[in-house]
Amino acid sequence: MKKLVFLILLLLPSLCFADRIQQLINSQTSFVYRGDHDWDRTKPEFDAAAVGSYTDWDLSAIVPAGAKTVVLFVSGKDTTVGASLSLRKNGDTYPTGVWYNIIDSVIVTGVYIVPLDSSGIIEYKYSANMGVLNVKVIGWFF
């Protein structure tokens, strides 16, 4: 019984997050795939001030006006287990997506759907100074 309760408590945040993502997807009318391209941002380009505080990332040069959410592919590797990249809509309180480095020096990847503000801006924050981190805009929802 204790194992079952532990499993439910472990999965509950993931299920709530999955529901939020499903709501975001259901609220959109169409998805635009950007196509094959290089990384949009890599660690040297990210602002070092984003360690511990949210920093704006203006995607308006990539994502057209009117888009509601952006789909990001994140790939990274760090020697700090537990290092993370948080992503959220500009001005929101809580992150929509969080990339975690769960194993020392192993590449960890993820796909994140992040709401855009009306100007095409999202915010990001590092929990620590990251080693290798790459972010690619896969597409967006209108």
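The values are calculated or read from the model by the stated rules, or taken from the named source; none is laboratory data. Note that the structure is a prediction, hence the values are computed from the model and not measured. Glycine also receives a Cβ, built like all others from the backbone with ideal geometry; neighbour counts cover every protein chain displayed.
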Taking the range 92-111 and keeping residues within 26 Å of residue 34 (Cα to Cα) and touching a Ser or Thr at 6+ places or on another chain (Cβ under 7 Å) leaves 95, 98, 99, 100, 107, 109
Here the residues within the range 105-127 that are within 18 Å of residue 89 (Cβ to Cβ), surrounded by fewer than 17 Cβ atoms within 10 Å (Cβ to Cβ) and among the β-branched types (Val, Ile, Thr) are 111, 121
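Checking the condition exposed (fewer than 14 other Cβ atoms within 10 Å of the Cβ) and either modelled with pLDDT under 90 or more than 18 Å from residue 97 (Cα to Cα) (or both), which residue from 50, 65 passes? Talk me through it step by step, then tell me what you get.
Working: 50 fails: exposed (fewer than 14 other Cβ atoms within 10 Å of the Cβ).
From the options 50, 65, the qualifying one is 65.
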Condition set at pLDDT below 90 and among the β-branched types (Val, Ile, Thr), scope the range 112-142, selection nearest to the chain's Cα centre (by Cα): answer is 135
